[in-house]
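Below you'll find the structure, written out as structure tokens, and then a few comments.
The values are calculated or read from the model by the stated rules, or taken from the named source; none is laboratory data. If you're wondering where the values come from, they're calculated on a predicted model, not measured in any experiment. Here the Cβ is made from the backbone with ideal geometry for all residues, glycine too, and neighbour counts use every protein chain on show. Please note that ligands, DNA and RNA were not included when accessible areas were found on the heavy atoms of the full protein model with its side chains. Shrake-Rupley method; radii C 1.70, N 1.55, O 1.52, S 1.80 Å.
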Amino acid sequence: MSDKKFRLENVNTGTSSELPVHEGVLGPDVIDVGRLYREQGAFTFDPGFVATASCESEITFIDGEEGVLLYRGYPVEQLAKNSNFLEVCYLLLAGDLPTPEELVRFRHSILHHTMINETLLRFFNGFHYNAHPMAMVSGVVGSMSAFYHDSMNIEKPEHREIFAHRIIAKMPTISAAAYKHSIGQPFVYPRNDLDYCSNLLQMFFAVPCEEYEVDPIAAEALDLLFILHADHEQNCSTSTVRLAGSSGTNPYAAIAAGVSALWGPAHGGANEAVLKMLEKIGRPESIPKYVAKAKDRDDPFRLMGFGHRVYKNFDPRAKIIREMAHRVLEKIGHTDSPLFELALRLEEIARKDEYFIEKKLYPNVDFYSGIIYRALGIPNTMFTVMFAIARSVGWVAHWQEMIADPRRRIGRPRQLYTGPDRRDYVEIGDRT
Ligand code: SDX
């Protein structure tokens, strides 16, 4: 803790407060306003938490101006180049890269928890065939608390660990079951002889009638996308998991809350919305019309996949995904992907437009990811599910960090009340 102070003058009362300032290892200082209400009788006010640090965390660091993203201090670019998703999962959960033995044990645990209870599998028969996969995934993840009573004591580290492994291991299986249900195909069980992403692909695309061979390029592309989506500081869905978990609810319920928050088009639902937008724009000649709509304050249309609360110059993940999109499309023979060409053209036009430059709107992680998912044969409605599979490890890491913190308190923000002043009840006969 630093001995820096921040003096706050209350001009109305002539009083002041000296508030403690905490320094992080990286990033801006924070002003501890815990005493503000007691000393000044006022709350802070920051809708959307634009300038509010909700917690202390050691997991992920983002510098929005410099386009920096570190997982436990390691640059995401280096992890994308040298690591793999399961190793990144270990890093985010344990705090450092695993030794070879640690990674073997971790991978064995994950690959041996991929099956889901057969009763849980039957839940999918209860969903309408055209239910959105995110509705099925959030429902089934929340229902896991009805099955795993042996690991629900959040005060026990061993229960917290087995919960973490179960979520990471079963999210692909649950997601694949949602996909198979939506296309009326039989569920495909996980295989322990395959790596994490190959296993996912075979659960998605294998059918009983013939052998299925995993395309290593597709598995490699998925693994990279999952690394890039694994965690991202206190984003909307991670903050939801922390807030829900702070009540002491079971961890599966907290993760289900995160799945629901991610679904929104302003957050993880953007990757699905980008493809819908590109299909609506249709051809390069129509781009100026939609850019104009995005700039019109009276038009609710926004360029999906553009803008970010934190990144104001570029999203480092978008740069990696754009480069990867080229490679993947070429390798799997979609070089003439009109959607990809349209996306590149849209980015080029938007990046030169004064409005987007002034408002610092650049492609984010969701702008290109859907194009790759589509090229791998994954339908639009499953794009956010793919995001949820990857982000599960981030949610779990933050939940574990919050639960293990001895200073943990239930999250309970206050408000600025602007409703009616106190008034007495009026009998119905006296109302006009
Ligand atoms: C993710 O937080 C995270 O880290 C999220 C994420 C993660 O890994 O967890 O990175 C993943 O959610 C990426 C974002 C995906 N969402 C989209 O692509 C949806 C489109 N983008 C916007 O809805 C928006 O940019 C947000 C939600 C991403 C950011 O919203 P902010 O920070 O609240 O910004 P804002 O809405 O206040 O916008 C600031 C200005 C506004 O104009 P003014 O009111 O100042 O005149 O920029 C404009 C907005 O109208 N603007 C856009 C725009 N995004 C913002 N205008 C046109 N198109 C856009 N996409």
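Points worth noting:
- You will find that of S260, S198, the residue that is surrounded by fewer than 22 Cβ atoms within 10 Å (Cβ to Cβ), hydroxyl-bearing (S, T, Y) and over 28 Å from V328 (Cα atoms) is S260 and no other.
- Unmet criterion (only one of (1) surrounded by fewer than 21 Cβ atoms within 10 Å (Cβ to Cβ); (2) in a helix (DSSP H, G or I); (3) within 16 Å of the ligand (Cβ to nearest atom); (4) not aliphatic (A, V, I, L, M)) for E272: (1)
- Here R409 meets the list (1) over 30 Å from S246 (Cα atoms); (2) touching a residue at least 12 places away in the same chain (Cβ under 8 Å) almost entirely, failing just condition (1).
- Some residue of segment 212-231 being within 16 Å of the ligand (Cβ to nearest atom) and either in a loop (DSSP other than H, G, I, E, B) or open to solvent by 40 Å² or more (accessible area, probe 1.4 Å) (or both): yes
- Filter result for R327 (part of a helix (DSSP H, G or I), at pLDDT below 90, closer than 28 Å to G27 by Cβ and more than 21 Å from the chain's Cα centre (by Cα)): no
- Subset of segment 239-257 [more than 17 Å from S57 (Cβ to Cβ) and open to solvent by 40 Å² or more (accessible area, probe 1.4 Å)]: S247, T249
- Residue ID - farthest from E272 (Cα to Cα), chosen from residues in segment 293-311 that are within 7 Å of the ligand (Cβ to nearest atom), open to solvent by less than 70 Å² (accessible area, probe 1.4 Å) and within 19 Å of the chain's Cα centre (by Cα): V310
- Residue match in segment 238-252 (condition: touching a Leu at 6+ places or on another chain (Cβ under 8 Å), of a type outside the set (D, E, K, R) and assigned to a helix (DSSP H, G or I)): no
- Residue in segment 188-200 that is part of a helix (DSSP H, G or I) and touching a Ser or Thr at 6+ places or on another chain (Cβ under 8 Å) present: yes
- Any hit, segment 397-413, residues being away from the ligand (no atom under 13 Å from the Cβ), touching a helix residue (DSSP H, G or I) at 6+ places or on another chain (Cβ under 9 Å) and within 18 Å of I227 (Cα to Cα): yes
- Test: Y362 is within 13 Å of the ligand (Cβ to nearest atom), crowded, with 19+ Cβ neighbours inside 10 Å and either under 19 Å from the mean Cα position of the chain (by Cα) or touching a residue at least 12 places away in the same chain (Cβ under 8 Å) (or both): yes
- Evaluation of F204 against the conditions (1) part of a loop (DSSP other than H, G, I, E, B); (2) under 30 Å from Q78 (Cα atoms); (3) not polar (S, T, N, Q) shows that the sole unmet condition is (1).
- Considering the conditions (1) closer than 19 Å to E348 by Cα; (2) near the ligand (Cβ under 8 Å from one of its atoms); (3) of a type outside the set (V, I, T); (4) touching a residue at least 60 places away in the same chain (Cβ under 8 Å), F314 is excluded by exactly one of them, (2).
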